[in-house]
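Notes follow the structure.
The values are calculated or read from the model by the stated rules, or taken from the named source; none is laboratory data. Predicted, not measured: the structure shown is a model, and the values here were computed from it. In this analysis, Cβ positions are derived from the backbone assuming ideal geometry, glycine residues included, and neighbour counts consider all displayed protein chains. Areas reflect the complete protein model, heavy atoms only, side chains present, ligands, DNA and RNA absent. Shrake-Rupley method; radii C 1.70, N 1.55, O 1.52, S 1.80 Å.
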Amino acid sequence: MSHVFPRHTKSDLPVAVGGDGCYLIDAEGKRYLDCGDAAVSCLGHSNQAVIQAVQQQVEQIAFAHTGFMTSEPAEALAELLIRHAPGDLDRVYFVSGGSEATEAAIKLARQYFLEIGQTERRHVIARKQSYHGNTLGALSAGGNAWRRAQFAPMLIEMTHISACYEYAEKPEDESSFDYGQRVANELESEILRLGPDTVMAFMAEPVVGATLGAVPAVEGYFKRIREICDHYGVLLILDEVMCGMGRTSHMFACDHDGIAPDILCIAKGLGAGYQPIGAMLCTGKIYDAIRDGSGFFQHGHTYVGHPVATAAALAVVRELTERELPARAGVMGNKLQSALEAAFGQHPNVGDIRGRGLFRGVELVADRDTKTPFDPSRGIAGKVKKAALSEGLICYPMAGTRDGRNGDHVLLAPPFIIEDAQIEELVQKLGRALAVAI
């Protein structure tokens, strides 16, 4: 009898006992192609360079509280990240995961404006159908209606503008560019409604992850967002927790859009699953305001900058950069997109196949022509997950794609080391799972 408190008390899960490249292995010896562990396992499950880095660091020093000491791996990792970071990002604040990264970003934005004397700036604007984490501040910023619902009375008041969701929300008589500009301009309207001197930040995912299913913004959208933020002195926070660290074929996802944020959040692929770690990156201007003001960022957790976690992430980032794995994610991602289109492009229940790099989403619909989603009572996403697991495929089906209740999609995020034969295996197993579930 288990005493573990699982995510779902009515589930009966296999026990993971091993990992081999792109595969997880359970206690019965069954192998599962891992293409949906929340976009964490970018290097696969048996990378020797990262394993050795963790072992060596534990032998040297396992823990040193950052209130008293820094550590060599944390310093080296911060330097390496900033070397590759876009724009004026200059400082790295390490945390233990994505929710902590976005929570820290929200707090830093507020403290920055306090330090420079703009004390009325307090509002955060985000987007509908977004997800920024499960702590109360991060959940407040997120627009995932299903995740927010039962905690709504406890959440901080934040406002949400439309997502850039071309497949479901762009009218047929509007160009992609014009659509992107129109929904981007909702940010300006919301800033003016709240009062330009009261808005401190806008938060968005460059490629929306679990809530929408790998939805990238149309070309020109984020450049207009950047212009609006600059015009009104609003900080741009980009949440790359899921889509960053090479997942979408750039080390940082915003590089595709040709912009840079004021604050950027990463996690998941940063540690590649070998250690829990995330990070918040900020510009030198923001850091200098703290340094030249109070000198103290009023935030922190016990395990920020953990030496073993940063040693693992340092090895991960070295693997990503030295082996040029983000570029490989782009190449293999194009192959995955082609394979998905060949298999499901005319499937009556597949409405859209989208994404960037090895971050792909398949939106499932009851009617392909009208884009009508399945009735939520059918529980399609849950059935796909169960059927895929039975086939030996770990993928990430989610419900509520359209509005938090209606809509289903499957998110696919395999390791960057995936091979052609495994892409074929992925598509075949997904096809059988869809047939069972639908």
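Would you confirm, using the coordinates I've provided, whether VAL241 is among the β-branched types (Val, Ile, Thr), crowded, with 19+ Cβ neighbours inside 10 Å and more than 18 Å from the chain's Cα centre (by Cα)? It is false that VAL241 is among the β-branched types (Val, Ile, Thr), crowded, with 19+ Cβ neighbours inside 10 Å and more than 18 Å from the chain's Cα centre (by Cα).
Against the list (1) open to solvent by 30 Å² or more (accessible area, probe 1.4 Å); (2) touching a residue at least 12 places away in the same chain (Cβ under 8 Å), the condition ASP369 fails is (2). Scanning the stretch 68-92 for residues being β-branched (Val, Ile, Thr), outside any helix (DSSP H, G or I) and over 22 Å from VAL58 (Cα atoms) gives a total of 1. Among residues of the stretch 322-344 that are under 16 Å from GLY269 (Cβ atoms), those with a beta-carbon under 9 Å from a residue that is surrounded by fewer than 19 Cβ atoms within 10 Å (Cβ to Cβ) at least six positions away or on a different chain give the pairs MET332/GLU419; MET332/ASP420. Checking each residue in the stretch 153-208 for being out of contact with any strand residue (DSSP E or B) (no Cβ under 8 Å at 6 or more places or on another chain) and of a type in the set (Phe, Trp, Tyr) picks out PHE177, TYR179.
So which residues in the stretch 253-282 are in contact (Cβ under 8 Å) with a residue 60 or more places away in the chain, touching a strand residue (DSSP E or B) at 6+ places or on another chain (Cβ under 9 Å), over 30 Å from LEU192 (Cβ atoms) and open to solvent by less than 20 Å² (accessible area, probe 1.4 Å), if there are any at all? Within the stretch 253-282, ILE266, ALA267, GLY271, ILE277, GLY278, ALA279 qualify. Reported count of residues in the stretch 237-259, each being part of a loop (DSSP other than H, G, I, E, B), within 15 Å of VAL92 (Cβ to Cβ) and not β-branched (Val, Ile, Thr), is 5.
Within the stretch 20-32, take every residue that is more than 23 Å from the chain's Cα centre (by Cα) and farther than 18 Å from ALA388 by Cβ and give me the one that is surrounded by the fewest Cβ atoms within 10 Å (Cβ to Cβ). The qualifying residue surrounded by the fewest Cβ atoms within 10 Å (Cβ to Cβ) is GLY29. Contact map, the stretch 222-236: first residue over 17 Å from ALA163 (Cβ atoms), second residue at pLDDT below 95, Cβ cut-off under 8 Å, separation 6 or more or different chains; the map is empty.
Per-residue answers, yes or no, for (1) part of a helix (DSSP H, G or I); (2) open to solvent by 50 Å² or more (accessible area, probe 1.4 Å); (3) modelled with pLDDT under 95:
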| position | (1), (2), (3) |
| --- | --- |
| LEU139 | yes, no, no |
| ALA152 | yes, yes, yes |
| HIS160 | no, no, no |
| ASP178 | yes, yes, no |
| SER189 | yes, yes, no |
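Per the listing LEU314, LEU320, the residue uniquely within 18 Å of ALA39 (Cβ to Cβ) and either open to solvent by less than 10 Å² (accessible area, probe 1.4 Å) or hydrophobic (A, V, I, L, M, F, W, C) (or both) is LEU320.
Yes/no per residue for (1) under 22 Å from the mean Cα position of the chain (by Cα); (2) of a type in the set (Val, Ile, Thr); (3) at pLDDT below 95; (4) in a helix (DSSP H, G or I):
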site: THR321; (1), (2), (3), (4): yes, yes, no, yes
site: SER338; (1), (2), (3), (4): no, no, no, yes
site: ALA342; (1), (2), (3), (4): no, no, no, yes
site: GLN346; (1), (2), (3), (4): no, no, no, no
site: ASP352; (1), (2), (3), (4): yes, no, no, no
site: GLY361; (1), (2), (3), (4): yes, no, no, no
site: THR370; (1), (2), (3), (4): no, yes, no, no
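For residues in the stretch 290-309 being in a helix (DSSP H, G or I) and either open to solvent by less than 70 Å² (accessible area, probe 1.4 Å) or not acidic (Asp, Glu) (or both), which is nearest to ALA267 (Cα to Cα)?
Of the stretch 290-309, the ones in a helix (DSSP H, G or I) are 290-292, 307-309.
Now restrict to residues that are either open to solvent by less than 70 Å² (accessible area, probe 1.4 Å) or not acidic (Asp, Glu) (or both): 290-291, 307-309.
On the way: ILE290: 24, ARG291: 25, PRO307: 16, VAL308: 15, ALA309: 11 Å.
If we take residues in the stretch 290-309 being in a helix (DSSP H, G or I) and either open to solvent by less than 70 Å² (accessible area, probe 1.4 Å) or not acidic (Asp, Glu) (or both), then ALA309 is nearest to ALA267 (Cα to Cα).
Any chance the stretch 385-403 includes a residue that's closer than 15 Å to ARG31 by Cα, within 18 Å of the chain's Cα centre (by Cα) and either not in a helix (DSSP H, G or I) or not polar (S, T, N, Q) (or both)? The answer is yes, given that some residue of the stretch 385-403 is closer than 15 Å to ARG31 by Cα, within 18 Å of the chain's Cα centre (by Cα) and either not in a helix (DSSP H, G or I) or not polar (S, T, N, Q) (or both).
Filtering the stretch 191-204 to residues that are in a loop (DSSP other than H, G, I, E, B) and open to solvent by less than 10 Å² (accessible area, probe 1.4 Å) leaves nothing. If you take the residues in the stretch 162-176 that are hydroxyl-bearing (Ser, Thr, Tyr) and in contact (Cβ under 8 Å) with a residue 24 or more places away in the chain, which one is least open to solvent (accessible area, probe 1.4 Å)? Looking at residues that are hydroxyl-bearing (Ser, Thr, Tyr) and in contact (Cβ under 8 Å) with a residue 24 or more places away in the chain, I get TYR165.
ALA152 falls short of the stated requirement of being closer than 30 Å to THR370 by Cβ and among the aliphatic types (A, V, I, L, M).
Filter the stretch 107-129 down to the residues that are open to solvent by 20 Å² or more (accessible area, probe 1.4 Å) and under 21 Å from the mean Cα position of the chain (by Cα), then identify the one that is farthest from GLU75 (Cα to Cα). Of everything passing the filter in the stretch 107-129, LYS128 is farthest from GLU75 (Cα to Cα).
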